[in-house]
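Every number here is computed from the coordinates shown, using simple stated rules; none is lab data. Please read these numbers as outputs of a predicted model, since none were measured by experiment. For neighbour counting, all protein chains shown are included, and Cβ atoms are generated from backbone atoms with ideal geometry for every residue, glycine included.
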Amino acid sequence: SIDANSTFIKIIIEKYGLSLIKIDDNGCGIYKKEFLLLLNGNATSKIFSIFDIRESNFYGRYGNALSIISSISKIKLISKPRKQKFAWSISIDEYGYYISPDLYNNGTSVSIFDLYYNLPYKNMFILKKFNNYYEIGKIFKIFLLCCTNIEFYIDYGNRIYFYSSCFDIIGIEKRLIR
């Protein structure tokens with residue numbers, strides 16, 4: 001979402017991220033023809049030449065996130081770039097993937113369901129749910145400090161937080177205090 005030049009990001013976390021992690025943005029979106037790249041590790045649509053690697057200022061490791069997460073959860077991604085007439089979605093589960101037309105405004109929505117559903121030692125991760133809560137909170141704080149030009153709406157553990165964009169030190173301090 002941050003790499004996609006979003007100005008608004010909505011994050012919903014249910015049951016410590018074990019049931020649902022959903023991220024919606026109003027960024028540039030992902031074209032349907034690039035959906036299959038999401039399934040492959042080390043694949044991204046952000047690099048067009050070898051020079052883009054040195055000049056890159058994007059987050060993450062070149063498209064690994066969704067391919068790794070899809071091995072331990074179910075995923076639905078809906079995206080609509082501004083130049084595409086309508087949105088497309090890809091659903092990924094234990095049976096494979098399905099691409100279909102969908103409804104969405106410009107941007108992308110990623111929903112991660114049933115985290116660790118297919119692991120035999122799933123209960124080990126469930127027991128660490130309070131640690132998940134703490135770790136997710138730390139990640140939120142980092143993004144709030146680094147991405148002050150983005151508005152964040154966060155529904156986390158039935159607590160709702162809204163952080164408007166800010167461009168001065170006073171606004172950043174207000175983000176820290178909350």
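Structure values in brief
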{"read-out": "Summed side-chain charge close to Leu39 - residues other than Leu39 whose Cβ falls under 15 Å, Lys, Arg +1, Asp, Glu -1", "value": "+1"}
{"read-out": "Mean Cβ neighbour count within 10 Å, used as a protection proxy, ranking 146-155, 75-84 highest first", "value": "75-84, 146-155"}
{"read-out": "Karplus-derived HN-Hα couplings along the range 152-164 (A = 6.51, B = -1.76, C = 1.60, θ = phi - 60°), whole Hz, x at Gly and Pro", "value": "10, 10, 10, 10, 9, x, 6, 10, 10, 10, 10, 10, 6"}
{"read-out": "Amide H contacts under 5 Å for Phe8, placed H, 5+ residues apart", "value": "Asn26, Glu151"}
{"read-out": "Packing-based order for 13-26, 86-99, 163-176, using average beta carbon neighbours within 10 Å, highest first", "value": "13-26, 86-99, 163-176"}
{"read-out": "Cα-Cα over 32 Å, subset of Lys80/Lys141; Lys83/Lys174; Lys15/Lys83; Lys33/Lys74; Lys33/Lys141; Lys15/Lys85", "value": "Lys83/Lys174; Lys15/Lys83; Lys33/Lys141; Lys15/Lys85"}
{"read-out": "Cα-projected label distance for Ser100 with Ile142, points at 7 Å along beta-carbon direction, nm", "value": "3.6"}
